[in-house]
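Trainee: Before I ask anything, here is the structure I am working with.
The values are calculated or read from the model by the stated rules, or taken from the named source; none is laboratory data. Note that the structure is predicted; figures quoted are calculated from it, not measured. Note: areas computed on protein heavy atoms with side chains; ligands, DNA, RNA excluded. Shrake-Rupley method; radii C 1.70, N 1.55, O 1.52, S 1.80 Å.
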Amino acid sequence: MGAQWFSRRWVIQELALARSASVLFGNCEMPWRDFADAIALFMTKFDQIKAAFPAPKNYAALRTSEDRYINSL
């Protein structure tokens, strides 16, 4: 959701006026309603989630590994 195009007014208008919408990432698709609910839940529980998953000591190596996995999807 950090992409510049997401904050453009026409994108927000299309989403607000759509009867149904989906979030696409590679070959994965999720209904917008489910995505929005997941984000809302994540935001309300962020502190607990952060505490449950402390940052790894070698974050740069882990991040590179995750990026390769996401790019393979």
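Here's the yes/no breakdown for (1) of a type in the set (Lys, Arg); (2) modelled with pLDDT of 90 or more; (3) open to solvent by less than 80 Å² (accessible area, probe 1.4 Å):
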residue	(1), (2), (3)
VAL23	no, no, yes
GLU29	no, yes, no
PHE35	no, yes, yes
ALA38	no, yes, yes
PHE42	no, yes, no
ILE49	no, no, yes
LYS57	yes, no, no
ALA60	no, no, yes
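Trainee: Specify the residue that is farthest from ASP37 (Cα to Cα); the eligible residues are those in the stretch 1-21 that are at pLDDT 75 or above and of a type in the set (Lys, Arg).
Mentor: ARG9
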